[in-house]
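Remarks on the structure that follows.
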Amino acid sequence: MQLIFTREFPFLLCEIWGKSYNVFLGHRPKTYPRNIFVIKNALISDYRNPGLIKELQNLFFLRIKNNRMYLSEIFAEWQNDYTQLNHYWSRDKLTRLELKKFTLLLSAFWPAIFASMYIPLDMRFSAADRKRMLRLRGEIGEVADKSTHIIVKSLKYIFPRLEGLVNFVSIADLNRNKINSEKLRRISSRELIMMDNKTVSMDGFNHLKKRYNFALQKINPKFKSSFTGQIAYKGLVTGRVRIIQKRAQISSLTKGEVLVSSMTVPDFIPAMRRASSFVTDEGGITCHAAIVAREMKKPCIIGTRVATKVLKDGDMVEVDANKGVVKVIKRAARK
């Protein structure tokens, strides 16, 4: 199972995402397991079966092959859904019933997100289709973050006593009149595993790994004095590392520091304006960090896989985005 990203998402959004892959545009994927979320310290690591990506790319390709107008037709549906989603996002908060409707609409819209991410990379599609989906990627790139905001704000409104525990509220909880806050507190303190939209125990997960012969991609690098990634915007800078993984850490980055993250999101923009450069574990040339780097004209290296694991706050590094190399000049003192 390939690690796709690590980000700060509420549990409910993971359920919406997982549900969308169980039935995708009326098609039930044959790939198993499809995707796995590992939730730890309020950070979500998404592991996806490469076979699922290929299967869904093929689904789009065959439908377009059988109906050249298919993409235009479904694009019109996506535009309508996106307009409705914007209506929800613009609200300060949603009622319980509105939030339920929102989860259904967002799940139905998820194929648009997939198409915008993976069709531009598949050369079987026409240049016009790939360009159209790449443009769509730029237009809907903030879907997950806007959805996170409205979900969290709405859950705090619906369950005012839960505070930070709303990040662990499930769709089943949303349907209940009462929530066991102590149960949520226990859940928040341990590692959770969601497999194909079902939460499984660690014992159950280990059993499934043996039964279906799969494993999660592991990235456990030893210290390296340098590592490489993909160039998103060229340049050469030296600065101190500041690792930003959660929204609460944004204010900690000071002007001139190197922003290091698994993957940047729109909420990171204030920190990105202060940063001298960006380095990420994940992402491709159409990812958020790459797009912002080109807009801000700041050196950026993406897809290093190891940046947040090798580097620590305070490390002095050289970001050579002309060569795609990050070099550690001096390590900060370790506690």
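None of the figures in this text is laboratory data; all of them are computed from the coordinates on show. Here the structure is a predicted model, which is why all the values come from computation and not from measurement. For neighbour counting, all protein chains shown are included, and Cβ atoms are generated from backbone atoms with ideal geometry for every residue, glycine included.
Summing Cβ point charges (Lys, Arg +1; Asp, Glu -1) relative to the Cα centre of region 28-135 gives a dipole of roughly 200 debye.
3J(HN,Hα) along region 131-140, derived from phi through the Karplus expression 6.51 cos²θ - 1.76 cosθ + 1.60 where θ = phi - 60°, amounts to 5, 5, 6, 5, 5, 4, 4, x, 6, 10 Hz, with x in place of Gly and Pro. The simple spin-label model puts a point 7 Å past each Cα toward its Cβ; for Lys54 and Val23 those points are separated by 2.7 nm. Computing FRET efficiency as 1/(1 + (r/R0)^6) for Ile329 and Arg273, where r is the C-beta to C-beta distance and R0 is 25 Å, gives about 0.55. For the chain, averaging the sequence separation of C-alpha pairs within contact (under 8 Å, six or more residues apart) and dividing by the residue count gives a relative contact order of 18 percent. Counting other Cβ atoms within 10 Å as a rough exposure proxy, the listed residues His288, His149 run His149, His288 from fewest neighbours to most.
Residues whose amide H comes within less than 5 Å of that of Gly235, counting only those at least five positions distant or on another chain, are Ala321, Asn322 (H built at 1.01 Å from N in the peptide plane). Taking Cα centre as origin and charging only the Cβ of basic (Lys, Arg, +1) and acidic (Asp, Glu, -1) residues, the dipole magnitude of the chain rounds to 740 debye. Proximity of backbone amide H atoms, modeled 1.01 Å from N, is registered between Ala275 and Gly256 at under 5 Å, excluding neighbours fewer than 5 places apart on the same chain.
Within the set of other residues whose C-beta is less than 11 Å from the C-beta of Lys330, count the net charge using Lys and Arg as +1 and Asp and Glu as -1.
Overall, the nearby charge balance is +1.
Couplings 3J(HN,Hα) for region 63-77, derived from phi with the Karplus relation 6.51 cos²θ - 1.76 cosθ + 1.60 (θ = phi - 60°), are 5, 5, 5, 7, 8, 4, 8, 4, 5, 5, 5, 6, 4, 5, 5 Hz, where x marks Gly and Pro.
Could you tell me what percent of the DSSP beta bridges with both partners in region 226-330 are antiparallel, to the nearest 5? Roughly 65 percent of the DSSP beta bridges within region 226-330 come out antiparallel. How big is the antiparallel share of DSSP beta bridges in the chain, given as a percent to the nearest 5? Of all bridge pairs located within the chain, approximately 80 percent are antiparallel.
When the Gaussian network model of the chain links Cα atoms closer than 10 Å, the mean-square fluctuations of Arg211, Arg63, Arg185 top out at Arg211. Short-range pairs are left out: with C-alpha atoms under 8 Å and at least six residues apart, the relative contact order of region 226-330 is 38 percent. The distance separating the Cα centre of region 185-255 from that of region 117-172 comes to 18 Å. Could you give the longest part of the chain that holds none of the GluC sites (Glu not before Pro) found in DSSP loops with at most 16 neighbouring Cβ atoms within 10 Å? Answer from the scan: 192-335.
Each Lys and Arg Cβ is given +1 and each Asp and Glu Cβ -1; about its Cα centre, region 137-272 then shows a dipole of about 380 debye.
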